[in-house]
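Structure first, then comments.
The values are calculated or read from the model by the stated rules, or taken from the named source; none is laboratory data. Quick caveat, the model's predicted, so the values are computed rather than measured. Positions of Cβ are backbone-derived with ideal geometry, glycine not excepted, and every protein chain shown enters the neighbour counts. When the accessible area is computed, the model is the full protein with side chains, heavy atoms only, and any ligands, DNA or RNA have been set aside. Shrake-Rupley method; radii C 1.70, N 1.55, O 1.52, S 1.80 Å.
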Amino acid sequence: TIKSGVREDKNMKFVGALLTILATASAFAPATFTTQNNGVVTKVEHVSSLKMSATQSEPLLATTELPEKLYFEKEKEFPKVLGGMKIGLRKLVVITGASSGLGRKCASVLAKTGRYFVVMAVRDKEKAKQVAQEEGMPDGSYTVMKLELGNLQSVRDFVANLKAFKSARPLTHLICNAAVYRPKDPNPAWTDDGFEMSMGVNHLGHFLLVNLLLDDMSKAKGARCCIVGSITGNTNTVGGGLVYPQADLGNLSGLEEGMKNPIAMADGKPFFGAKAYKDAKVCNMMTVSQLHERYHESSGITFSSMYPGCIAETALFREKRPWFRKAFPWFMKYVTGGYVSEQEAGERLAQVIDDPICAKSGVYWSWNGGAKTVGRWDESGKPKGAGGSGGEIFENEQSDAVRDRIVAQRMWDASVKAVGLTEKDMYKGK
């Protein structure tokens, strides 16, 4: 038990140092080398000299092919129709990144309530169909639609296809969950539109998606839009304040200059993969604040963000080295107390959409202390206060930087310009 503020501060600094060592070692240790062959970037995992079985080493020998272009016009999905008949009287919810991790579990939870029809907005449709079967999502409770957030035309195509599918029925809920995390990349990867991948997918793709759907959602009763946040973007937390690098949008020079290749960071500074993810999460949370300020009163839509806890086994860490993926869950369970399973995290995200207590707009939701301190073990044998498993939902406080209204307004204006939103695209009120 922590008995004093001094001891708590020392413990937090110690844990922060350990987290930084883990993150930095994983980010900078030589894990991949990159080659190009006929326009395809191939990343080959470095094989450790440690002895391991053939089964253990097999994933390290695999290659991942990343096409230089993420979305082609010929991939445009033929619009589905008559969706209104399938939806029936259920609420219609779109979930981005619904084929893995947090999005997958949230989609499953909502579909199984019988009160929601889920649109799984994903890059890989076949994978999503398989996931839905593995999760046991009831037949007729979902559909799968193509969405590549790394291509702005794909976002617009998705919106057009969604409107064709649902016909006159408005969209009730939107969950912006999909994310990429590339902390060990020495050089930036780029979206089809020339944005650095983390900012392009995590923030700008979702920014365009939300704005294109606002008018439609304003016609639904009790509509909610949730953009998943993170403690890594909040410097008033253990993970965001004590683990290097900290999120910092700086003077926004990179974003205000268009954020196009070769500009890789919102602050205009040299590329840093771990910071790019954190900066994008700051933009996500600022976007929620701006949506609330600009449109809640006129649209009636509830805008919120949330931190689900540290899902240490999520595919978000697929770019990390194997040793990190094994050590990190243990560390979060038994040292920081911030660990939460994918299932519980999915239930938390579903709660923000479904629970009447979450009808308040402009809120950043958290559980079990919100990870502002390391966990404190109690009689139950579980750590309390670190944002991990258990605990009740509450309205958390974001960092001063995230709540900076002036910077948020500038971020909004720069993002509108970057994604090409026109006066016709923007929500104008009922």
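Quick check: net charge around Val155, other residues with Cβ under 15 Å of its Cβ, Lys/Arg +1 and Asp/Glu -1?
Working: positive: Lys76, Arg123, Lys146, Arg156, Lys163; negative: Glu73, Glu75, Glu77, Glu148, Asp157, Asp192, Asp193, Asp216, Asp425.
Here the charged neighbours net out to -4.
May I ask you to derive the FRET efficiency for Gln343 and Glu126 from their Cβ-Cβ distance with R0 = 22 Å, giving the value to the nearest 0.05?
Values: r = 24 Å, r/R0 = 1.07.
Rounded to the nearest 0.05, the efficiency is 0.40.
Local charge sum around Asn211 (other residues, Cβ-Cβ under 13 Å, Lys/Arg +1, Asp/Glu -1)? Please list the in-between numbers first.
Numbers: positive: Arg156, Arg294, Lys417, Lys424, Lys428; negative: Asp215, Asp216, Asp413, Glu423, Asp425.
Surrounding charge for Asn211 is 0.
For a quick check of understanding: with a 1.4 angstrom probe and all protein chains in place, what accessible area in square angstrom does His296 have, to the nearest ten?
Estimated to the nearest 10 Å², His296 gives 60 Å².
Assuming 0.36 nm per residue, please report the length gained on full extension of the stretch Ser167 to Ile406 beyond their Cα-Cα distance.
Extending this stretch completely gives an extra 82.2 nm.
For a Förster distance of 51 Å, can you work out the FRET efficiency between the beta-carbons of Ser298 and Glu134, rounded to the nearest 0.05? Provide the component values of the computation, followed by the final result.
On the way: r = 41 Å, r/R0 = 0.81.
Using R0 = 51 Å, I get an efficiency of 0.80.
Under 5 Å between amide hydrogens, which residues at least 5 positions from Phe117 or on another chain qualify, with H placed 1.01 Å from N in the peptide plane?
Answer set, sorted by chain and number: Lys91, Leu92, Val93.
What number comes out for the charge environment of Gly140, summing +1 per Lys or Arg and -1 per Asp or Glu over other residues with Cβ under 13 Å away? Please list the in-between numbers first.
Working: positive: Lys86, Arg90, Lys112; negative: Asp139.
Residues close to Gly140 contribute a combined charge of +2.
Just order 276-288, 182-194 by mean Cβ neighbour count inside 10 Å, highest at the front, would you? Provide the component values of the computation, followed by the final result.
Working: 276-288: 26.8, 182-194: 18.3.
Those peptides, ordered most packed to least, come out 276-288, 182-194.
Once a ≥ b ≥ c are taken as the square roots of the eigenvalues of the Cα gyration tensor of the stretch 60-171, is the result rounded (a/c under 1.5), prolate (a/b larger than b/c) or oblate (a/b not larger than b/c)?
Values: a/c = 2.43, a/b = 1.27, b/c = 1.91.
Taking the square roots of the gyration eigenvalues as a ≥ b ≥ c, the stretch 60-171 is oblate.
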